[in-house]
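The values are calculated or read from the model by the stated rules, or taken from the named source; none is laboratory data. Since the model is a prediction, treat every value here as computed from it, not as a measurement. Neighbour counts are summed over all protein chains in view; Cβ atoms, including those assigned to glycine, are modelled from backbone coordinates with ideal geometry.
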Amino acid sequence: MSEERVPCVEGLFSEENGVAVLHGSKCSNCQTPYFPRSAACHNPDCDDSNMEDFDFGGKGVLWSYSVADFPPPPPHKFDQPFVPYVMGVVDLDCGLRLIAQMVEKPEEVKVDAQVQLIIDTLYHEDGKALTTWKFKQI
Ligand SMILES: [Zn+2]
């Protein structure tokens, strides 16, 4: 029996047929991307905020990263025992710069690596796997 997977936050992302999608928005006037969704464009050079829903995903390049080598404070949840992890800053090919946890160990992560957006387990609770978006080097 496979483990039940539940998004850690409803409505931010989904996974269909193994493809990870982030539900954001984009200003159709200046093309500025937003995740999570934004009700208005915050680009100071944009004079006509015109937001529409936009789904982000696919591949990108790891711009930089940081290693979290101590447990985050509450209300963050994580599986025990704590294992150090990598937070990556990725420029998605579809135009969004995004921060997310990497699946690789710190010693395996390389700046400029090609990465893929995935949905993966963040922690376990009540017998369920709580999922979030992450990046995986490809
Ligand atoms: Zn705009």
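In the range 69-98, of all residues being closer than 17 Å to Trp133 by Cα and in contact with a helix residue (DSSP H, G or I) (Cβ under 9 Å, 6 or more places away or on another chain), the one that is surrounded by the most Cβ atoms within 10 Å (Cβ to Cβ) corresponds to Val86. Evaluate the following for Leu96: is it of a type outside the set (Asp, Glu) and within 16 Å of the ligand (Cβ to nearest atom)? Here the answer is yes, as Leu96 does meet what is asked.
One line per residue, one yes/no per condition, for (1) over 22 Å from Pro7 (Cβ atoms); (2) among the aromatic types (Phe, Trp, Tyr):
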| position | (1), (2) |
| --- | --- |
| Pro81 | yes, no |
| Tyr85 | no, yes |
| Gly88 | no, no |
| Cys94 | no, no |
| Met102 | no, no |
| Asp112 | yes, no |
| Gln116 | no, no |
| Asp120 | no, no |
| Glu125 | no, no |
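Counting only strands (runs of 3 or more DSSP E) that sit completely within the range 8-73, those holding 1 or more residues that are away from the ligand (no atom under 15 Å from the Cβ), among the acidic types (Asp, Glu) and touching a residue at least 24 places away in the same chain (Cβ under 8 Å) correspond to 13-16, 51-57. Residue-level analysis places Asp91 among those that are more than 16 Å from the ligand (Cβ to nearest atom), among the acidic types (Asp, Glu), part of a strand (DSSP E or B) and at pLDDT 95 or above.
Please go through the range 74-97 and give me each residue that is free of Cβ contacts under 8 Å to residues at least 24 places away in the same chain and of a type outside the set (S, T, N, Q), ordered by number. If the condition is that a residue be free of Cβ contacts under 8 Å to residues at least 24 places away in the same chain and of a type outside the set (S, T, N, Q), then Pro74, Pro75, His76, Pro81, Phe82, Val83, Pro84, Tyr85, Val86, Met87 are the ones that fit.
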